[in-house]
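Nothing in this text is a laboratory measurement; each read-out follows from the coordinates by a stated rule. Note that the structure is a prediction, hence the values are computed from the model and not measured.
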């Protein structure tokens, strides 16, 4: 019986430590979580819906909106039309969008007729970008590969336009 009590106490302690870690991580504001604004964006090498490899490094020299989303996410679907408009307007100025689907549903991706590349997330990318669980999550990355803006939740078209204008002004210096 003493042995069972020791295991029970040990199990409870492990659970308390894990719960405490989770609580502390959730108390850390999104903007303060890593990767942080001003840091280099973690590398990405993922397959897209056609099976081709998409690398974030392929977009060096462009401003990139990295958007984590899912086909079942209402807010994700609501922000996509704005992303499409902004992408089509600014792509010739050195802007692109890289969608990262957290669920592998190529048919829904094709239905959305996205004009920009969409890759399928893996565990490593999710981990590298702060354990992406709640979506949508977006990172605006400058032409040098540094994160200049983080957005958790719906990213309004007007806000993206404003942030892009600031990013392009910063490039002209």
Restricting to Cα pairs under 8 Å and 6 or more apart, the percent relative contact order of the stretch 60-165 works out to 38 percent
Which log10 I(q)/I(0) values, to two decimals, does the stretch 35-171 give at q = 0.12, 0.13, 0.20, 0.21 Å⁻¹ under the Debye formula with one point per Cα?
-0.40, -0.47, -1.26, -1.42
How long are the semi-axes of the ellipsoid equivalent to the stretch 105-171, from square roots of 5 times the Cα gyration tensor eigenvalues, in whole Å, largest first?
23, 17, 12
Quick P(r) readout (the stretch 31-73; Cα-Cα; 5 Å bins; whole %) gives 5, 16, 23, 25, 19, 10, 3, 0
